[in-house]
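Structure first, then comments.
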Amino acid sequence: MERIYLDHAATSPMHPKVIERMLEVMRSVPGNPSSIHSFGREARRELDLAREVMAKSIGAKVNEIIFTSGGTEADNMALFGVAENYQQFGKHVITTAVEHHAVLHACQKLEQLGFEVTYLPVDETGRISVSDLEAALRDDTILVSVMYGNNEVGTLQPIKEIGELLKNHQAKFHTDAVQAYGIENMDVDECFIDLLSVSAHKINGPKGTGFLYVRSDVKLAPRLFGGEQERKRRAGTENVASIAGFHEAVVIANKERDEKREKFINFKKMMVQRLQELSVEFAINGSLENSLPHILNLSFPGTNVEAMLVNLDLGGIAVSSGSACTAGSIEPSHVLVAMFGKESERLTNSIRLSFGFSTTAEEIIKTAEETAKVVSRLKK
Amino acid sequence: MERIYLDHAATSPMHPKVIERMLEVMRSVPGNPSSIHSFGREARRELDLAREVMAKSIGAKVNEIIFTSGGTEADNMALFGVAENYQQFGKHVITTAVEHHAVLHACQKLEQLGFEVTYLPVDETGRISVSDLEAALRDDTILVSVMYGNNEVGTLQPIKEIGELLKNHQAKFHTDAVQAYGIENMDVDECFIDLLSVSAHKINGPKGTGFLYVRSDVKLAPRLFGGEQERKRRAGTENVASIAGFHEAVVIANKERDEKREKFINFKKMMVQRLQELSVEFAINGSLENSLPHILNLSFPGTNVEAMLVNLDLGGIAVSSGSACTAGSIEPSHVLVAMFGKESERLTNSIRLSFGFSTTAEEIIKTAEETAKVVSRLKK
Amino acid sequence: MEQKDPKNTRVVVGMSGGVDSSVAALLLKQQGYDVIGIFMKNWDDTDDNGVCTATEDYNDVIRVCNQIGIPYYAVNFEKQYWDKVFTYFLEEYKAGRTPNPDVMCNKEIKFKAFLEHAMSLGADYLATGHYARVVYRDGEYKMLRGIDENKDQTYFLNQLTQEQLSKVMFPIGHLEKAKVREIAKQANLATAGKKDSTGICFIGERNFKEFLSQYLPAQPGNMETFEGEIKGRHEGLMYHTIGQRHGLGIGGAGEPWFAIGKDLKRNVLYVGQGFHNEKLYSDAIIATNVSWVSNRPKPTEFDCTAKFRYRQEDHKVTVRLLEGERCQVFFHEPIRAVTPGQSAVFYNGEECLGGGTIDEVYKNGERLTYVG
Amino acid sequence: MEQKDPKNTRVVVGMSGGVDSSVAALLLKQQGYDVIGIFMKNWDDTDDNGVCTATEDYNDVIRVCNQIGIPYYAVNFEKQYWDKVFTYFLEEYKAGRTPNPDVMCNKEIKFKAFLEHAMSLGADYLATGHYARVVYRDGEYKMLRGIDENKDQTYFLNQLTQEQLSKVMFPIGHLEKAKVREIAKQANLATAGKKDSTGICFIGERNFKEFLSQYLPAQPGNMETFEGEIKGRHEGLMYHTIGQRHGLGIGGAGEPWFAIGKDLKRNVLYVGQGFHNEKLYSDAIIATNVSWVSNRPKPTEFDCTAKFRYRQEDHKVTVRLLEGERCQVFFHEPIRAVTPGQSAVFYNGEECLGGGTIDEVYKNGERLTYVG
């Protein structure tokens, strides 16, 4: 069975060029970047080249990029690193109700550690209001963490407005750009961003690597102690081959961004249109306009998400919804709860489709048709 | 110039079979192990298979293995994770003066957080005495962290004796086995080990992955918050391809352990003998007997380590010493300081040679001869 | 009954992470069915680390499914379980009875909500690892005891109907438990050496008293003999089951003491001496919620055998049908410790005829109001 | 002088992470030499994050070396620097003088310890990014000013000898700074846009006062005119250099105030009005530690030009050699703010002849004991 993968927001397949590049590095760059011999220098060179490209991709300087083991570590480093070092200026943190768990659960830990966290609400499209943020800001706010684009419904947050609001406030501004990086154009100076998290495996790079941008005037407390890697802010031998692959992925993402955006926006339209033609009852969670091009979250009244996902999977179509707990069952999405309330039926009848470089128009059409079939069976 | 790599303890080249396996996974297992569709299941399967092999390799159960981003993270997780959750039973930690920085610097952070840390001294071979440990143990000791084998001089610690001493004490016993795993046979039950850290890239696996063994009755506070991966003890999408490669590396290490041990012990003898034949003045740091087979640390009186390393590197031979600071200069090794004192000349005239699967007898002879040349030039 | 080609027959296996359902799935796969493993999450609880207590079991399901080579999923019936099983469970305890949640779980969850879920996935059958058999014989489905008498689970399945049985497979019902373990071991299944789970699913291996006290306020009271002699204190009536000896803590001379009855109003636990204390014996009951496997008309009164507890030997009884899914059951000999809330399950030889819930217990024509 | 083929000629370039040494390395590489870049770590200091303050510079060295395609290393001379340069620096300040650590660093570290290190690596030459030139002419090495007059660094190199010069290359000495930047830019070197470092290397961009106060106890005292009038307080004599205006904080009518002398015993800073205050002028000095580039015999007395501070214009002087590497220097016209501790460096046209340390300052044949 030809399978269709529409879960690129969960993780994206590695680009063949990324694999090729990693293969090359795995084979021919065996050294440890901290070693002072030729093997070490060759490894270090890979890091430096990657760092340069990544810095440039968000308008940052090379020494503002810290390689991490992925988006979760980047988010955790940002939150704990700022909280620890700036707590003398206050113990108040602001975030949103729709952040990734890497931010939300880190915030909950901060609460345990004596910090106060304000979780901003969102409207029905999943967007916060800047005036809510303004109202929540206090003299003792030291950190504001608002994601760039939501991983479940795709909604973009008003990052630039937030940055402008915060630029004269002591609070550091962190944005989790894990889902948006690569598909959205971003500039840390334009948006007054102090910290920004990125993951490689969301942009066709390898799993297990990412970076945290930290503006040079931000003093970040480290979370991993050991060697002096990453200028003592993140100990541990750097993942050279993966970083080189990440580098390649960034290059590709930068090059193909416009083309992809157009393609994915078109896919959304096709999907919606085909479902309408097939008389499927559905609603869009989020908005089609102010949204990441590659994420489409749909609610199908009268269906059940677990049955939907399994049916589609058995039909060879991989989509997702919320997140699975360690015992495999689907938990209601906190994002949809924030958008529609705890009692909304959307919590149990919504699925997310997300597109990637390999997605084709045929796959979209086939998915729409299979979805229509499943919906009609489940509503019987 | 044919180069010779004798710095396998810093990082080891990836085994061709490991690369091959990773390539396969990178190409054909694109999913996220947490996803509930077929792609997710395929990814998850790689993790489960790897976990089984790794657990078995140290006599542990599958649910006692937590994948990490490497040895540093494993060490940090062990130390902070135990300290946080057991502090109600005491705030005293015991470690040694010769641990890897991942343990030592984590301990220093623990001291900042109000813990008291005892750093056990070592003898001239780099070994602690169990009676020192016994004397240092207190009712409020909650953690003892002693490395399995030293990464700089190779010295093995009396792990089993320590385990036996601790088995009736509340303190959890952690061992950093990053350098010893793969070359030493280890069993967590036999040695009463509660936590054990391993890194993939020291055993011809990929960089950026490792595991922490945590005995099932140890309650470990997590350090990374986010998704429910690794049973909530380590959030973040698992590095599937690297873990599959790590898996392969473990299989190879298990299979070739005995052969490698014999080969490396022989290399040590060859190196020593050839240097003697060439009338080079040198001393062994550590001991030839009670030591990791692949690590040989030598002191060359009258030379200077920076000049030695650079000369050997320019001659195509990669060896190492201590660790380089972020500004590139060689810091005196804390291990040698612990063994010989701050004023010892060995601090500035010692180099480490470490062997790996690709090392040949010819390389050893050539290195001995080149070393003799450099030593004689530097002593002029 | 028309048989489809196995490879075009989709079977959803309800997998618990135990050896029985693992082997059930394995056998079906070997027979060529299109097998899907599904783990039910019925209860939401977390361990010290905040991890679902169901995680280990699900991990075992995953391992086994990967070994067998079948897709696996999980499904969440926490809400249904709470509403239909757990609420009933608590109500019964509150009423001084001893409920059987497994029977209710099979009736309301496994063979209702879960069966529906399986059907919504295009399954032809739902299979489970129960020790029981279904056969289509004489134009209807019959439920037979599992071959392994010691493991037979028809007692818990007594409420199943023709419609349910038409969609159900019990792939290990024809095997001895030892054989099941042997198959698992030979196939090197991850669950081969796993102990059978004990206790009620949502309580797991935890202390029953502790668990129950989280939901029902425990009211300590007196332990008395029927003669009114106070023999000590109990911590809560719900912690005691009629006929049981443990946990009373009454010492002294003579035969051991047993719980033999409850006075709910006075919150008194009646105790008496001797395993065969005559107060523990009854000779008839009225059962409610009686369900019959066969849809065919029955005589108003007939003889068969019955079990009043799981693993009890069969007792000869006469059943007289009453209105409203009720029936009277007359024992041919007095039976010890027949307890309201438990199931009365009827058999004809190896065939399970159906069953109901023990509602009222009689002796010599008089209702025993103290049992519970 | 015999020239080896560049490709068999190993040159170690002392790289600071600045544009000058970067271009020096680039040019040598382009000329085909076997080039090795080495970064010297002379000072151990860490920033807020505990990171070596030298890290950024080393990172730049790495980037540039990778761009050029040469191996790079670092070498640690912290101990030698502390012993030979920093100790001297503090001693001089304690003695009320104004030392020139760069001259000492070149003499003791860069062109001694570092040069030896380079030689131990089999190097034929040590190259640096100084604006100066070495030529072999008339059977000896001569050190010439850098072509860019504004950047010429021979002042700091005045202690170099024939032996050192025979192993030294200054690859950018024949270039204007603007040209150096242009080359860096065209080669897209990472350091092309980097600002020139200012200040003394171990202090970096930090506050000088703050730094010095960590090592030398500051003793506040009076500011007085030579007439004995107290004009205010100073925080420590060491913070003031003769001839400088800033930091005095004396207001009032008339011309601005300048530091014009020190009385170490009384801990008094003498101040006076007017840039051209006559007390600031002297007409002769005695220099110590005098070193000459040429090994050839010199006349006991000769005329040449001299600089008494970096970037000062040349002054005509007559030099009279004394015993013990000392000399007297007579200015043809009085010179402002000649300060003990600084270097006196001698030139003949574009050629730097050598230099020494200003020890005693005279005017009209009398020693000015108040300068320092």
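For the criterion of being closer than 30 Å to B:A50 by Cα, away from chain A (no Cβ under 14 Å), in contact (Cβ under 8 Å) with a residue 40 or more places away in the chain and not hydrophobic (A, V, I, L, M, F, W, C), B:K255 fails. Residue by residue through segment A:119-132, note down the ones that are touching an Asp or Glu at 6+ places or on another chain (Cβ under 9 Å) and within 15 Å of A:F173 (Cβ to Cβ). If the condition is that a residue be touching an Asp or Glu at 6+ places or on another chain (Cβ under 9 Å) and within 15 Å of A:F173 (Cβ to Cβ), then A:L120, A:V130 are the ones that fit. Counting only helices (runs of 4 or more DSSP H) that sit wholly inside segment B:1-94, those with at least 2 residues that are of a type in the set (S, T, Y) and over 30 Å from B:A361 (Cα atoms) are B:71-86. Set side by side, the residues B:V146, B:V122, B:V130 differ, and just one is of a type in the set (V, I, T), modelled with pLDDT of 95 or more and out of contact with any strand residue (DSSP E or B) (no Cβ under 9 Å at 6 or more places or on another chain), which is B:V130. A search for C-beta distances below 8 Å between a residue of segment C:241-268 that is without any contact (Cβ under 8 Å) to a residue 60 or more places away in the chain and any residue that is assigned to a loop (DSSP other than H, G, I, E, B) and among the hydroxyl-bearing types (S, T, Y), counting only pairs 6+ apart in sequence or on different chains, returns C:A259/C:T241. For segment C:121-128, the criterion of being buried (at least 22 other Cβ atoms within 10 Å of the Cβ) and in contact with a Phe, Trp or Tyr (Cβ under 6 Å, 6 or more places away or on another chain) is satisfied by no residue at all.
A single member of A:F89, A:F80 is aromatic (F, W, Y) and more than 20 Å from the chain's Cα centre (by Cα), and it is A:F89. Within segment A:2-16, at least one residue is crowded, with 23+ Cβ neighbours inside 10 Å, touching a helix residue (DSSP H, G or I) at 6+ places or on another chain (Cβ under 7 Å), β-branched (V, I, T) and at the interface with another protein chain (Cβ under 8 Å from one of its Cβ atoms). Set side by side, the residues A:I4, A:I65 differ, and just one is hydrophobic (A, V, I, L, M, F, W, C), in contact with an Asp or Glu (Cβ under 6 Å, 6 or more places away or on another chain) and within 28 Å of A:I183 (Cα to Cα), which is A:I4.
Checked against (1) surrounded by 21 or more Cβ atoms within 10 Å (Cβ to Cβ); (2) at pLDDT below 95, B:M308 passes all but condition (2). Within segment B:221-234, if we keep just the residues that are modelled with pLDDT of 95 or more and surrounded by fewer than 24 Cβ atoms within 10 Å (Cβ to Cβ), the residue that is farthest from B:E42 (Cα to Cα) turns out to be B:A221.
Residue count for segment A:193-210, restricted to those that are away from chain B (no Cβ under 11 Å), in contact with a Lys or Arg (Cβ under 8 Å, 6 or more places away or on another chain) and among the hydrophobic types (A, V, I, L, M, F, W, C): 2. Screening B:E345, B:E370, B:E306 for residues that are of a type in the set (D, E) and at the interface with chain D (Cβ under 10 Å from one of its Cβ atoms) leaves exactly one candidate, B:E306. Counting only residues that are under 30 Å from B:T359 (Cβ atoms) and facing another protein chain (nearest Cβ under 7 Å), segment B:23-58 holds 2 of them. Listed here are the helices (runs of 4 or more DSSP H) enclosed by segment D:1-83 that have at least 2 residues being without any contact (Cβ under 8 Å) to a residue 24 or more places away in the chain and either surrounded by 19 or more Cβ atoms within 10 Å (Cβ to Cβ) or in contact with a Gly (Cβ under 6 Å, 6 or more places away or on another chain) (or both): D:55-68. Selection of segment B:151-168 for residues being among the basic types (K, R) and either within 22 Å of B:R261 (Cβ to Cβ) or buried (at least 24 other Cβ atoms within 10 Å of the Cβ) (or both) yields only B:K160.
Just one of the numbered conditions (1) at the interface with another protein chain (Cβ under 7 Å from one of its Cβ atoms); (2) part of a loop (DSSP other than H, G, I, E, B); (3) among the basic types (K, R) is not true of D:R97: (1). Exactly one residue out of B:S287, B:S320 is buried (at least 24 other Cβ atoms within 10 Å of the Cβ) and either on the phi < 0 side of the Ramachandran plot or in contact with a helix residue (DSSP H, G or I) (Cβ under 8 Å, 6 or more places away or on another chain) (or both): that is B:S320.
So which of A:V251, A:V272 ends up being under 21 Å from the mean Cα position of the chain (by Cα), surrounded by fewer than 22 Cβ atoms within 10 Å (Cβ to Cβ) and either within 30 Å of B:H334 (Cβ to Cβ) or hydrophobic (A, V, I, L, M, F, W, C) (or both)? Exactly one residue qualifies, and that residue is A:V251. Does segment C:291-311 contain any residue that is in contact with a Gly (Cβ under 7 Å, 6 or more places away or on another chain) and of a type outside the set (A, V, I, L, M, F, W, C)? Checked against the condition, which is being in contact with a Gly (Cβ under 7 Å, 6 or more places away or on another chain) and of a type outside the set (A, V, I, L, M, F, W, C), segment C:291-311 yields at least one hit.
Inclusion of B:S333 among residues that are more than 14 Å from every other protein chain (Cβ to nearest Cβ) and under 25 Å from D:W43 (Cβ atoms) is not warranted.
In segment B:59-88, the qualifying residues are those that are under 21 Å from B:G149 (Cα atoms) and away from chain A (no Cβ under 13 Å), and the one that is surrounded by the fewest Cβ atoms within 10 Å (Cβ to Cβ) is B:G59.
In segment A:300-380, counting only helices (runs of 4 or more DSSP H) that sit wholly within it, the ones holding 1 or more residues that are basic (K, R) and more than 30 Å from A:P16 (Cα to Cα) span A:361-378. Restricting the first member to segment C:114-137 and to residues that are away from chain A (no Cβ under 14 Å) and of a type outside the set (A, V, I, L, M), and the second to residues that are assigned to a helix (DSSP H, G or I) and surrounded by fewer than 22 Cβ atoms within 10 Å (Cβ to Cβ), the beta-carbon pairs closer than 8 Å and six or more apart or on different chains are C:Y131/C:K177. What residue, among those in segment D:49-83 that are of a type in the set (F, W, Y) and within 11 Å of chain B (Cβ to nearest Cβ), is farthest from A:E64 (Cα to Cα)? For segment D:49-83, the residue satisfying everything is D:F77.
Identify, please: which residue in segment B:92-114 is surrounded by fewer than 19 Cβ atoms within 10 Å (Cβ to Cβ) and away from chain A (no Cβ under 13 Å) and is, among those, farthest from the chain's Cα centre (by Cα)? Applying the filter and picking the extreme gives B:G114. For the structure I just gave you, tell me whether A:F173 is surrounded by 24 or more Cβ atoms within 10 Å (Cβ to Cβ), at negative phi and not hydroxyl-bearing (S, T, Y). Criteria met by A:F173. Scanning segment A:211-233 for residues being among the acidic types (D, E) and either at the interface with chain B (Cβ under 8 Å from one of its Cβ atoms) or not in a helix (DSSP H, G or I) (or both) gives a total of 2.
The values are calculated or read from the model by the stated rules, or taken from the named source; none is laboratory data. Quantities reported herein were computed from a predicted structural model and do not represent experimental measurements. All Cβ positions, even for glycine, are placed from backbone atoms using ideal geometry, and neighbour counts span all protein chains on display.
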